Amino acid sequence: MRRILLFLLFITPAVLSHAITDPYICVNTDNTCIILHINEDNRLMFMHYGLKVGDTGQYTGYNSYRRIDYGTDPMAYPTRGGRFYNEPALSVKYSDNDVNTELEYISHTISDIRPGVTQTSIIMQDPKTSLEVRLVYISYSKEDVIVAHTEITNKGNKEVTLENYASSAINIKAGKYLLTHFHGAWASEMQLAQEVLTHGTKIIDNKMGVRTTHTENPSFLLSLDTENFNENHGEVIAGALAWSGNYKLAFQVDEFERLSILCGINPYNSTYPLRKGQTFTTPDMIWTFSSAGAGQASRNLHNWARNYGIYSKGKMAPTLLNSWEGAYFDFTTPVLTGMIDDAANMGLEMFVLDDGWFGTDFPRNSNQQGLGDWQLNTKKIPEGISYLADYAHHKGLKFGIWIEPEMVNPKSNLARKHPEWVVKSEGRQVTTTRNQWILDLCNPQVQDFVFNVFDETMKLAINKIDYIKWDCNRHVESLGSAYLKNQSEFYINYIQGLYSVLKRIREKYPNVIVQSCSSGGGRVDYGALGYFDEVWTSDNTEGLSRIFIQYGTNMIYPACTTGSHVSAVPSHQTNNVTPLKFRFDIAAAGRLGMELQPKAMTTEEYQFAQKAIASYRTYRDLVENGDLYRLISPYDGNHYALMYVSKDKNRAVVFAYCIKYQGRTKTPLVRMYGLDKNKSYKVTELNTTAPSFWGDTKTFSGEWLINQGMNPQLVKLYDSGIWYLQAE
Ligand code: DGJ
């Protein structure tokens with residue numbers, strides 16, 4: 001093989017020069033690197049992920065002291081086969097029943113994609129079967145983020161079956177591994193779960209097909225050499241998979257105390273045939289490494305997301321009033337125009353008409369019927385959507401509307417006309433959830449239909465619809481596609497079908513703001529965010545629940561993506577009654593909106609809302625584009641506090657909340673780690689006439705605010721405050 005490489009060197013010097021002169025491949029960011037090694041057997045081995053190590057020449061003579069006849073050193077992309085016996089990234093079955101794959105290094109290239117972004121692409125091949133694997137790492141220097149994916153090409157003559165095909169693998173060694181991941185359910189998404197990994201394999205996965213992020217999220221943080229989660233200190237790896245379907249993240253601590261992490265599509269009922277010449281491209285896996293605690297790991301992901309990862313790229317979001325919790329299905333034009341009037345009076349910037357506006361033969365007056373029939377219900381809105389959009393625009397508001405194009409109610413014309421479009425297994429009962437079925441997005445005709453739902457909705461008010469809320473309210477059961485021959489392709493083809501529709505939509509409507517909603521936070525992932533501007537973080541809009549949901553979600557996804565609305569009390573989800581100020585103060589830590597009937601507010605509440613919205617608009621840029629510092633964890637006791645700081649550290653906004661009564665004298669200590677210790681800041685509390693901090697409107701040094709900290713008198717349950725900091 002070495003001789004072949006030398007021969008090839010003469011014909012393609014640019015491609016192979018790295019391989020011949022240096023057996024180490026470094027994927028670098030400003031502070032971190034992945035180092036891979038082409039060993040004597042031409043295998044690509046994983047050496048390091050972490051802070052930079054300097055000259056790779058220092059590895060010369062490296063010895064892992066493993067027995068060479070037992071236990072393979074960590075591979076860059078471990079395959080089932082040869083001596084490897086742990087969880088593989090790739091398992092393939094070949095036509096002759098061989099189940100082994102042993103990849104050998106062929107070549108690699110390193111190229112600059114744009115300033116600060118470099119692509120390293122490594123080709124390997126199984127010599128027996130000619131299966132080719134291309135590992136692609138795109139490194140984002142400033143953000144310290146590396147995005148990895150894998151391309152698997154069948155260069156043999158016969159079809160092969162992919163059984164397991166992870167996006168990316170890393171392998172590290174530390175004394176302890178504290179895994180932070182997210183679990184939940186509808187209305188309680190992204191709750192923190194933390195555990196020190198022990199020997200064996202911990203798996204975080206989802207098999208629900210769509211709406212895959214209520215229960216777990218394809219993301220995590222991993223604190224190294226500690227049992228304690230620390231925001232500001234220590235080494236932390238964070239990862240997130242950009243895929244909206246079934247996923248699997250596997251963490252295996254082996255007998256050498258090394259941790260192998262494999263992330264990718266869940267192989268659950270997903271053996272994938274790869275025909276001769278065909279390539280399968282896995283989703284992206286986003287990695288970051290921080291040596292300054294979990295806070296920096298989140299900020300790295302957020303910076304990457306705003307610069308590259310999310311459709312909106314950090315574009316400012318309009319504040320809004322959504323009709324759902326204020327009107328549900330029960331509205332007519334005057335109800336909606338009344339809401340638009342109030343939204344404008346309160347200083348909001350957009351009105352969004354939620355579910356219930358469509359269905360003629362089966363009017364959508366409840367969730368029992370009408371999904372699929374996207375014709376306007378003229379009994380409710382005889383004047384048309386265009387009229388409502390104009391009405392909003394004349395009041396200075398943008399206008400948005402809700403759709404759920406992937407779904408159908410059995411009671412609809414669509415279900416009667418196209419029963420073959422429904423996901424179902426012939427001869428079995430077709431289950432409903434929320435009285436609805438799923439349309440089979442594997443089928444190109446359904447893809448066209450879904451595209452047209454968006455397109456036709458936009459045409460209801462040409463050039464007047466500024467925002468679409470795209471909902472998705474059930475997961476996959478009774479799996480079956482009338483279109484597919486091989487049902488094990490369903491889970492993948494569905495999501496690829498969804499992404500291809502979204503791509504078409506984005507080509508036609510690049511500037512419409514589109515929200516990914518899926519019964520709240522059921523589709524919160526970086527795959528979706530490549531097409532959507534924001535997510536509906538949760539259907540739970542109650543203030544206390546929102547603290548935990550937003551705390552978890554914003555560990556991975558920046559606040560510029562997380563919609564957060566003020567709703568009425570008692571909460572429709574939890575029955576809890578919290579003060580309006582508390583509800584505003586938590587909603588204002590994300591993309592602020594309201595979701596209630598303003599006519600039901602008292603004059604005092606209305607006036608408070610006007611002030612809170614006006615003040616939000618003065619610091620919104622910090623929430624959306626500033627650096628997030630988590631100051632007090634809501635899991636640690638009585639309080640929660642966070643801050644967003646401008647990149648130049650001249651402005652900041654601080655939020656703090658009392659979430660548990662423990663005694664009148666138990667004030668929080670809010671140490672503002674995000675500030676510059678050499679600057680001075682004027683501290684002003686917003687949205688109150690009774691400041692809770694004795695130093696209100698005084699100027700403090702950054703050093704004082706970081707090292708001494710503010711002790712606001714937030715001691716009663718649901719006391720809360722927002723402070724604006726301006727460097728002087
Ligand atoms: C579920 C969403 O999460 C809600 O916000 C609302 O849009 C309803 N669907 C409408 O049916």
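FYI, it's all coordinate maths here, none of it is from the lab. Values in this document were obtained by computation on a predicted structure and should not be read as measured data. Glycine gets a Cβ as well: all are built from the backbone with ideal geometry, and neighbour counts include every protein chain shown.
You will find that of Thr319, Thr271, Thr279, the residue that is touching a residue at least 24 places away in the same chain (Cβ under 8 Å), closer than 28 Å to Ile513 by Cα and away from the ligand (no atom under 16 Å from the Cβ) is Thr319 and no other. Can you name every residue in region 492-547 that is among the hydroxyl-bearing types (Ser, Thr, Tyr) and either touching an Asp or Glu at 6+ places or on another chain (Cβ under 9 Å) or more than 16 Å from the ligand (Cβ to nearest atom) (or both)? If the condition is that a residue be among the hydroxyl-bearing types (Ser, Thr, Tyr) and either touching an Asp or Glu at 6+ places or on another chain (Cβ under 9 Å) or more than 16 Å from the ligand (Cβ to nearest atom) (or both), then Tyr494, Tyr499, Ser500, Tyr509, Ser516, Ser518, Ser519, Tyr526, Tyr531, Thr537, Ser538, Thr541 are the ones that fit. Scanning region 583-606 finds one or more residues that are within 16 Å of the ligand (Cβ to nearest atom), farther than 26 Å from Thr337 by Cα, buried (at least 24 other Cβ atoms within 10 Å of the Cβ) and within 22 Å of the chain's Cα centre (by Cα). Within region 168-214, the set of residues being in contact with a Ser or Thr (Cβ under 7 Å, 6 or more places away or on another chain), surrounded by fewer than 24 Cβ atoms within 10 Å (Cβ to Cβ) and under 20 Å from Ala76 (Cα atoms) comprises Asn171 only. Restricting region 366-376 to residues that are closer than 30 Å to Leu592 by Cβ and within 16 Å of the ligand (Cβ to nearest atom) leaves a set whose member that is surrounded by the most Cβ atoms within 10 Å (Cβ to Cβ) is Leu371. Where residues in region 463-483 are of a type outside the set (A, V, I, L, M), under 23 Å from Gly400 (Cβ atoms) and away from the ligand (no atom under 16 Å from the Cβ), which of them is surrounded by the most Cβ atoms within 10 Å (Cβ to Cβ)? Ranking the candidates gives Asp466 first. When region 414-462 is limited to residues that are touching a residue at least 12 places away in the same chain (Cβ under 8 Å) and among the charged types (D, E, K, R), the one that is nearest to the ligand (Cβ to nearest atom) turns out to be Arg434.
Among the residues of region 179-205, those that are free of Cβ contacts under 8 Å to residues at least 60 places away in the same chain and farther than 24 Å from Ile547 by Cα comprise Val196, Thr198, His199, Gly200, Lys202, Ile203. So which residues in region 345-363 are surrounded by fewer than 24 Cβ atoms within 10 Å (Cβ to Cβ), within 19 Å of Arg591 (Cβ to Cβ) and either more than 29 Å from the chain's Cα centre (by Cα) or within 14 Å of the ligand (Cβ to nearest atom) (or both)? The answer is Met346, Gly347, Asp354. Cβ-Cβ distances below 6 Å connect the following pairs, each with a first residue in region 358-371 that is closer than 15 Å to Arg434 by Cβ, a second residue that is outside any loop (DSSP other than H, G, I, E, B), and a separation of six or more residues or different chains: Arg364/Phe358; Leu371/Met407; Leu371/Val408; Leu371/Gln436.
Residues that are within 16 Å of Tyr499 (Cα to Cα) and in contact with a Gly (Cβ under 6 Å, 6 or more places away or on another chain) within region 447-484 comprise just one, Gln447.
A residue that is among the acidic types (Asp, Glu) and either closer than 21 Å to Val569 by Cβ or in contact with a Gly (Cβ under 6 Å, 6 or more places away or on another chain) (or both) occurs nowhere in region 698-717. Among the residues of region 393-403, at least one is within 31 Å of the chain's Cα centre (by Cα), among the small types (Gly, Ala, Ser) and within 16 Å of the ligand (Cβ to nearest atom).
Of all residues in region 506-523, those that are farther than 20 Å from Asn463 by Cβ have Cβ atoms under 6 Å from Cβ atoms of residues that are within 16 Å of the ligand (Cβ to nearest atom) and aromatic (Phe, Trp, Tyr), 6 or more apart or on another chain, in Ser516/Phe532; Cys517/Trp536; Ser519/Trp186; Gly520/Trp536.
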